[in-house]
Structures are given as structure tokens and as C-alpha cells.
Amino acid sequence: MNKLYIGNVSAEASEEDFETIFEQWKIPHSGPFLVKTGYAFVDCPDEKAAMKAIDVLSGKVELHGKVLEVEHSVPKRQRSCKLQIRNIPPHMQWEVLDSMLAQYGTVESCEQVNTDTETAVVNVRYAAKEQTRLAMEKLNGYMMENYALKVSYIPDETAAPDGSSAGGRRGFNARGPPRSSSPGLGARPKVQSDIPLRVLVPTQFVGAIIGKEGATIRNITKLTHSKIDIHRKENAGAAEKPITIHSTPEGCSNACRTIMEIMQKEALDTKFTEEIPLKILAHNNFVGRLIGKEGRNLKKIEQDTGTKITISPLQDLTLLTSLYSPGMGPSMSNVPPPGAHGGCSSFGQGHPESETVHLFIPALAVGAIIGKQGQHIKQLSHFAGASIKIAPAEGMDAKQRMVIIVGPPEAQFKAQCRIFGKLKEENFFGPKEEVKLEAHIKVPSFAAGRVIGKGGKTVNELQNLTCAEVVVPRDQTPDENDQVIVKISGHFFACQLAQRKIQEILAQVRRQQQAKPASGAQPPLPRRK
């Protein structure tokens, strides 16, 4: 991969011009420049020199009014299944890169290339030529966190005819060990060509999915070329069971579709009247990408598929994405989504009521959250379905500002997720620093003791479960609504889980308060203001 193609060359360019540029940038070359109309070729002594030329010249150096494009020179017969992807964000996780590449086909290998650049470079091999062409088309110029990916073909020796000289080129072993010393992606975990799909299904349908003596699940596995694990023994007594599907994106989709069809048929046969939503468990690392900036990715998926998507926090910091067609209601059974009984601020009603959360952000970040002419905060409010306001600063030297978020649990989740993400994107926290914020929620004073628990037992268990710091300040004077503040500090998922668990405690208290008048011997409920 030492031969370079130089494109977008001016008609006035000469061999001497290229000699000067390569000398100026201290890039060695092992042969003369072959200058044609509109393009040129040159050989470099090794792959390192070729990569340096691509990194420092392509799209950056101008010659006679034209910005040069430099990439590997690959004969047409060798433009088959191998690509090089450059300018990858330096802090990007391997799991995210794998997921992105897998959208376009089966990735047989993905190896990191040693470079002197801040950004990362990988060589990728797809299973089929068409998959490679599609990835090239979709990824070249694709923006990732303000970095425009640069994609080009690299010689695919396996595509060359017998007897060709391609074997003499310096290449790389398609299944060899990954390179992990360059900056950026860091140590490469064991290569995995697919991201498993994890779904939750109602326990009563598990038998139908497995079939008599396992015949149905074996048939699904065979037809969709998937490996399917049904975790029947997990969460004994739970209303839902997880299923893990290992395959290509197409295989996962086909297996999932078949499982949904089996459940629909079983529901008809057993006169099961509730709607059956598709519930996908998404890894924490991918939720930001799933939502997208200003919720664009989520909105596009909804528009393209004609579905409604709800992202819900779970008890174990995992995310559940519940997808259901318009008109279907989310039947979450044992794992409440935002807006189900765990998140309501009042019981006995069939819909979630609004919650108010005060989230504290760095004072310097207010402009980024509001955006130019208030556009960002308006878009965020529309996306989340919440009211979002910035409270006035408490003094000239205030280091924090309070963001007031009003909306049901689902809206709280979306709004807070984007605020945490925005602070990270705008570098208000370091590249290796986790975004941790403080949130305040108000609880009725009579319920504060239940949040604390006897001897602080409940609040300690809450902190151990959620990894958030939860504090109910002592000796608080209740406000005019007879409420006191609970302070929650931590990263996004910790804060969300702590908020949901506290709402569950409050809901339990309210149920007990509502039941007291029935005995005739209990004091009435505190009056709601």
C-alpha cells in the first residue's frame, strides 16, 4: 500500500511542484511523480510514508488553487472488499465503531493502523464487494462528533488474478492480530463481527418460541443463521424473559421478526388480548447514538418505520427500548417504563403526571444549553416533551445554574440525557472525565423519612444500588407546599435510576396514605396544595 494517487490536480501542476511539496512536508518518495491531466501517481518507500502523505496533504494542501486529494492507489481489479477509514474520533469506543461498520454488511476484520495523527485509522475487510461499496458510499465524509470520516479503497490481494504481482505488495493479514499502539481507539478487544440483539418477551410465550423439544427455536436458528439464547432461568418468577440473538444485522432482524410472529399467533390461539410491544435492551454505550443530536436519530427511525419509540431506564442501569406501532399501548408488566406506576407522582390515575427536577449545570455552560437565539433549548424541549427553563443566577459569582425541567418521567429521561450529552460534547468535562451533575427533587415532608429509612438503611441501599450520592439534608424547613429537597449526585444513569427508585418509594407511601381513610381510624391525607 505504498503507491499513492493524487487527485484534484490543476492543469498547471508539474513534477517539480510535487517535489517541492513533499520536500516541504518531509515526506520521502521512492520514485518520480507521474503527472497526468487532473491527477498524479507516486511511490513511497514504505506504508508509514504513504500514510503520512495522506494525513498531512489530503484536503489540506492547495496547489495552483486546488486542494489536493491523496489516497492509496488501488487498481480497479483490487477494489474489492478492503477499505481504510481515517479521521476517526480519538476517544471513540470500539463497540461503537463495530456497530457502525456492521450496518453495511459482515465485517471479517477490523484492524488499527499505526499513525502519528491524533485521530485513529483502521483497515476494514467486508465479506462482499457490494457491502464494501455501500460502506464506502455511506461513510466517506460522514460526520462523527465534528470529525469527517475519510474512506478509501486499499488493495485487496485476494481479488487479484493468479500470477499478478499483487502478492508482492505490502499488505496486512486479514485475520491477524490487531494493532493497538496508535492513539485513538486504544486496545482492541477480541474482534466480534456482530452486536448481539437482546429482547424481552412475556414469559407465557417462551414455550411457543422454543417449541416441542426445541424444534421451533432450532428452525429459527437455521433459517436466520443466528445463535439464539433464551434465558429461561434468569429472574425467576418474572413476567418477562430476555432473549439474546447473535447474528448479522439482517439475521438479527429476521430472527426477531419471526419471534414476534410466533408470539402474535400464540396470543390469538390463547385469546391473549393485550398488545405485544417489541422491547429491545440497548447497551448504555449506544443510547446516545440511538437518540442522536437533538433526538434526530430517534425521530428518523420513528418516521422511517412508522413506530413510536420509548426509551426507559431499568432497574439495572440497562436501557429498554420499547417499540410499538401507533395505537398500541406499552404493556411493561414487571419492568415499568417512564410513566408507569413506578414513575407517577399520583396514583389511581391511568397516565403519568408531571415531575419537576432541578438539574445544576456549570454556569459557563448556560449558553450551550440555550443555543443561538434559544434554538437549542427550544428543540430540546420539543424533542423531550418537557418544559425546560434556566433559573436566574444566584449572585454574580455563581458557579452553577439551575435548569428547571417539568414533565413526565419519559420526558425527564430524554431531557436530562441530552443535557448530560451536550455538556460532554461541548467539552465542559475532560475527555476522560465522566459527566456528573447534581439534581434536586422535592418530596412531601411526611415521606422524607421513608426515603431515609430506619437508621439510614433505605438511603444507603439506594446509593449502593444506583451508584449515585443521595442526601436528604437534615433540619430542613418544609416549603409552602410542605415539601423538602432530596439531592442526587452522579453520572446520568445513576441519577436516573435514583430518581425512579425515589418515585417508587413515594408512590408506595401515597398508596398507603390513600388506603388509611378506609379503616375509619386513620387521620386524613395531607391536603394537596
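Odds and ends about this structure:
- Distance violations [Cα-Cα > 23 Å] among LYS3/LYS60; LYS60/LYS150; LYS138/LYS279: LYS138/LYS279
- Straight-line reach from LYS399: taking Cα to Cα under 18 Å and skipping same-chain neighbours fewer than 8 places apart, the aspartates and glutamates in range are GLU426, GLU438.
- LYS26 versus ALA515: modelled label distance in nm, points set 7 Å from Cα along the beta carbon direction: 7.7
- Rolling a 1.4 Å probe over the protein heavy atoms gives the range 386-482 an accessible area of 57 Å² per residue.
- Cα centroid separation, the range 459-491 to the range 1-37 (Å): 66
- In the range 1-112 the Cα-Cα distances spread across 10 Å bins starting at 0 as 12, 41, 29, 16, 2 percent of all pairs.
- Solvent exposure of ASP17, expressed as accessible area, is near 40 Å², computed with a probe of 1.4 Å over the protein chains only.
- Distant-in-sequence amide H partners of LYS3 (H built 1.01 Å from N, under 5 Å): CYS44, SER73
- Label-point gap, in nm, between LYS48 and LYS432 - each point 7 angstrom along Cα→Cβ: 2.6
- ³J(HN,Hα) computed for each position of the range 117-125 - Karplus, 6.51 cos²θ - 1.76 cosθ + 1.60, integer Hz, glycine/proline x: 8, 5, 7, 9, 10, 10, 9, 10, 10
- FRET efficiency for the TYR142 to GLU15 pair, using the beta carbon distance and R₀ = 35 Å, is estimated at 0.50.
- Shown are HIS491, HIS64, HIS246, whose ranking by accessible area with a 1.4 Å probe and every protein chain present, most to least, is HIS64, HIS246, HIS491.
- Other-chain or far-sequence residues with amide H under 5 Å of LYS279's (modelled H): LEU200, LEU323
- Within the full protein context, the accessible area of ASP304 is estimated at about 110 Å² for a probe radius of 1.4 Å.
- When all protein chains stay in place and ligands, DNA and RNA are ignored, the 1.4 Å accessible-area order of PHE428, PHE383, largest first, is PHE428, PHE383.
- Full-extension gain in nm, ASP269 to GLU250, via 0.36 nm per residue minus C-alpha separation: 4.0 nm
- Each residue was assigned an accessible area with a 1.4 Å probe, and for SER445 the value is about 40 Å².
- Length-normalised contact order for the range 362-427 - Cα pairs under 8 Å, 6+ apart - percent: 33
- Amide H contacts under 5 Å for VAL70: GLY7, SER58, GLY59, restricted to partners 5 or more places along the chain or on a different chain, H placed in the peptide plane at 1.01 Å from N.
- Probe 1.4 Å, all protein chains present, accessible-area order of GLU353, GLU480, largest first: GLU480, GLU353
- On a per residue basis, the range 1-141 carries 44 Å² of accessible surface, using protein heavy atoms and a 1.4 Å probe.
- Pairs from LYS300/LYS432; LYS299/LYS442; LYS227/LYS414; LYS414/LYS442 whose Cα-Cα separation, in the structure shown, is over 28 Å: LYS300/LYS432; LYS299/LYS442; LYS227/LYS414
- Karplus-derived HN-Hα couplings along the range 417-423 (A = 6.51, B = -1.76, C = 1.60, θ = phi - 60°), whole Hz, x at Gly and Pro: 4, 5, 5, 4, x, 5, 5
The values are calculated or read from the model by the stated rules, or taken from the named source; none is laboratory data. What you are looking at is a predicted structure, and each value in this text was computed from that prediction instead of being measured. When we count neighbours, we look across all protein chains shown, and the Cβ atoms used for this are built from the backbone with ideal geometry, even at glycine. Ligands, DNA and RNA are excluded from the accessible area calculation, which covers all protein heavy atoms including side chains. Shrake-Rupley method; radii C 1.70, N 1.55, O 1.52, S 1.80 Å.
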